[in-house]
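Scroll down for the structure; my scribbles are underneath it.
No value in this document is a laboratory result; all are computed from the given coordinates. Because the structure is predicted, anything quoted here is derived from the model rather than measured. Glycine also receives a Cβ, built like all others from the backbone with ideal geometry; neighbour counts cover every protein chain displayed.
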Amino acid sequence: EMDCVSRKEAAQRTMKLHPMWQQPIAVPGGHCQSPIDIVVRKSVFDSALKPLATDYDPETCQQIWNNGYSFLVEYDDSADKSTLKGGPLQDQFRLCQFHFHWGESNAWGSEHTVDRRLFPAELHLVHWNSDKYSLFEEAVSGDNGLAVIGVFLKVGKRHEGLQKLVDALPAIRHKGSVVEFTRFDPACLLPSNTEDYWTYHGSLTTPPLTESVTWIVMKQHIEVSHDQLAVFRSLLFTSAEEEVQKSMVNNFRVQQPLCGRTVRSSFT
Ligand SMILES: CCCCCOc1ccc(S(N)(=O)=O)cc1
Ligand SMILES: [Zn+2]
């Protein structure tokens, strides 16, 4: 059981592992950080947890870009067009972007783990509470501000829906590159079973690491092919101008102590 380290120790661990985060990150409190290991036998079944209710409009898909840490597919969140409700949520949340975390090999790459089991990659669909806030940037540091759906990726058969996204990646190899990306329905990336998930209160896994996230981690994974994942690894952390190009791999955070939090499950 990872001890509940002090904020200073946690920051030192984070910075040591992520030289790219030069500034110490003052995290408020720091006892609800993500990602975590989900210990299945310690999760608590909650019969009040509903199935996820996603209602995504592919017309709100706008662009795909390399932010130097992952690649983001961004949605127009200026109206309630692509929304998430249900699950553990009381309010309505708007989809603003989705992105992935992955490893340099298929042996690791996910941020969350299930009974210490690592997956080669993890999808994050990022939503903000449009009942309480008017902008994502406000919700990031607000109470009950964000809801992130995590979906594990396994290597297996080719994911037909993902291929349109994979084909766009060579155009955004370098940090800072953006291309138009439209009419992509993120629902195709969800597993068939959206009833079974774990949920807990946590944080963003990159700066500003704010503890405003209701995490919803799906029990069922999706499958992508080895070749599709290899294209993720062809992206670069670095911009075109930098002399030394660095492959965008291992863009995941070290796991954080649970600090007494309960992980609830929607299934037995
Ligand atoms: C005020 C700007 C904040 C930009 C940072 O936004 C994020 C950061 C991390 C995640 S993650 N890996 O926890 O899903 C989602 C969104
Ligand atoms: Zn993420």
(Q) Kirkwood Rh over alpha-carbon pairs of the range 86-205, then Stokes-Einstein at 10 °C and 1.306 mPa s: what D in µm² s⁻¹, rounded to an integer? (A) 98
Q) How far apart, in nm, are two points set 7 Å out from the Cα along the Cα-to-Cβ line at C259 and at E138? A) 2.6
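To the nearest 0.05, how large is the calculated FRET efficiency for S247 and D80 if R₀ is 41 Å and r is the Cβ-Cβ distance?
Efficiency, rounded to the nearest 0.05: 0.60.
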Q: Return the loop-located trypsin sites (Lys or Arg not before Pro) in the range 82-150 (DSSP other than H, G, I, E, B) with at most 10 other Cβ atoms within 10 Å of their own Cβ; answer none if there are none.
A: R116
**Q.** For the range 98-201, with +1 on Lys and Arg beta carbons and -1 on Asp and Glu, the positive-most of V155, G176, H124 along the dipole
**A.** V155
Q) Name the GluC sites (Glu not before Pro) in the range 69-151 that are in a loop by DSSP and that have at most 14 other C-beta atoms within 10 Å, would you? A) E104
**Q.** Projected label distance in nm at T182 and E195, using a 7 Å step from Cα toward the beta-carbon
**A.** 3.8
Q | Residues in the range 57-74 that a label on E104 would reach, taking backbone N under 20 Å of a point 7 Å out along Cα→Cβ | A | 68-71
Q | For D46, net neighbour charge (Lys/Arg +1, Asp/Glu -1) across residues whose Cβ lies under 15 Å away | A | +3
Q: Under 14 Å from the Cβ of A171, count the other residues' Cβ atoms, weight Lys and Arg +1, Asp and Glu -1, and hand me the total.
A: +1
Q: Have a look at S34, S239, S82 and tell me which one the Gaussian network model of the chain (Cα, springs below 10 Å) gives the largest fluctuation.
A: S239
Q: Mind running the shape call on the chain? Use the C-alpha gyration tensor, a ≥ b ≥ c as the square roots of the eigenvalues: rounded below 1.5 for a/c, prolate if a/b tops b/c, oblate otherwise.
A: rounded
